[in-house]
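Colleague: Got a structure here, written out as structure tokens. Questions coming.
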Amino acid sequence: MKTSRTKNRLRASAIIAGAMIVPAGLFAAPATAADDATVSVLHAIPAGLGVDVVDVYAGDSLLIDDFTPGSLETLVIPAGSYDLGVYGDGSTPADSDAVLSAMGVEVPAGANATVTANLDASGSPALNVYVNDISEVMAGNSRLTVRHIAAAPAVDIRADGNVIAANLVNPDEAIVEVPAGMYVADVVLAGTDTVAIGPADLDLTEGTNTIVYAWGSAEAGNLALAVQTIDGLDGMPGGVPAGGGAASGGGTNSALLAAGLMTVAAAGVAGAAVRLNRSRA
């Protein structure tokens with residue numbers, strides 16, 4: 001039996017609303033079907049905050065099972081309205097309260113976005129929404145997107161020792177196109193050679209958008225990289241790429257909820273409230 005939980009209310013920041021103020025053309029092409037949306041979710045809050053494994057529900061239907069720290073999930077879902085809830089592992093809407101919840105969430109058709117549950121610069125839980133650049137990549141090139149979602153100071157991102165994104169702060173992103181190939185990437189404190197994360201090998205394949213997330217906590221010493229790859233951008237013969245990929249490192253919390261916040265923000269409602277239970281007896 002579960003005992004009472006301490007509940008803190010968080011509010012989705014204006015960053016989310018700002019992230020969704022984008023040209024309508026980014027959502028113009030269909031995903032797998034005309035009425036579908038592609039939503040990737042990165043679980044990027046380091047373990048130890050009270051909820052390390054969660055299940056994600058839409059109403060009474062299970063969407064993501066055993067969602068663990070450091071995991072990335074990509075879902076192609078019908079556009080529509082969802083009552084979203086995140087529950088402790090093994091719990092269900094029938095027997096417990098949601099750890100995170102959002103009711104009546106509208107998910108727009110054709111969306112391709114990534115939602116991150118992560119720490120902000122001060123170390124507090126945050127929800128961020130990023131619209132993925134799925135425009136065509138020039139022949140022979142690869143797109144590299146870097147997103148700072150760690151509780152850490154400003155950083156520089158290097159590829160083969162060369163700074164490709166300078167003075168990046170949470171929750172900003174940088175996007176560059178480079179010749180396709182193998183690169184050694186690392187993250188250093190801004191303006192220094194002090195390595196915070198890495199080095200790590202990156203295989204930047206032609207016609208892809210490789211998205212690298214710097215996440216975790218500098219104070220806790222658990223900074224890590226997560227990588228997501230969106231392919232099929234060399235002409236996109238089959239429509240909008242689904243946006244799959246892999247995540248590495250550790251984190252906690254959930255996900256489709258954030259997809260919900262994405263669409264709430266898209267509708268222009270900043271400050272949508274969610275609930276986070278940070279301690280469980």
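Just so it is clear, none of the values below were taken in a lab; they were calculated from the coordinates. All values derive from a computational prediction rather than experimental measurement. Heads up, the Cβs are rebuilt from the backbone with ideal geometry, glycines too, and the neighbour counts pull from every protein chain shown.
Colleague: Which value in nm describes the separation of the simple spin-label points at VAL76 and ALA94, placed 7 Å from the Cα toward the beta carbon?
Modeller: 3.1 nm
Colleague: What order, most packed first, do the peptides 176-182, 222-228, 189-195, 208-214 have when packing is the mean number of other Cβ atoms within 10 Å of each residue? Walk me through the intermediate numbers first.
Modeller: On the way: 176-182: 14.3, 222-228: 21.6, 189-195: 12.4, 208-214: 24.7.
For the peptides 176-182, 222-228, 189-195, 208-214, the packing ranking is 208-214, 222-228, 176-182, 189-195.
Colleague: Using unit Cβ charges (K, R positive; D, E negative) and no other charged atoms, how large, in debye to the nearest 20, is the dipole of the stretch 50-155 about its Cα centre?
Modeller: 580 debye
Colleague: Related question: With a sphere of radius 15 Å drawn around the Cβ of ALA214, what net charge do the other residues whose Cβ falls strictly inside it have (Lys, Arg +1; Asp, Glu -1)?
Modeller: Local charge sum for ALA214: -4.
Colleague: Strictly greater than 18 Å: what percent of every Cα pair in the stretch 76-177 meets that?
Modeller: When every Cα pair of the stretch 76-177 is considered, 65 percent fall beyond 18 Å.
Colleague: Which order do ASP55, ASP89 fall in if you start with the one that has the fewest other Cβ atoms within 10 Å?
Modeller: Details: ASP55 21, ASP89 13.
The order, fewest Cβ neighbours first, is ASP89, ASP55.
Colleague: Can I ask one more? What net charge is computed for the residues neighbouring GLY161, neighbours being all others with C-beta under 15 Å from the C-beta of GLY161, Lys and Arg scored +1, Asp and Glu -1?
Modeller: Within the 15 Å Cβ shell, the charges total -4.
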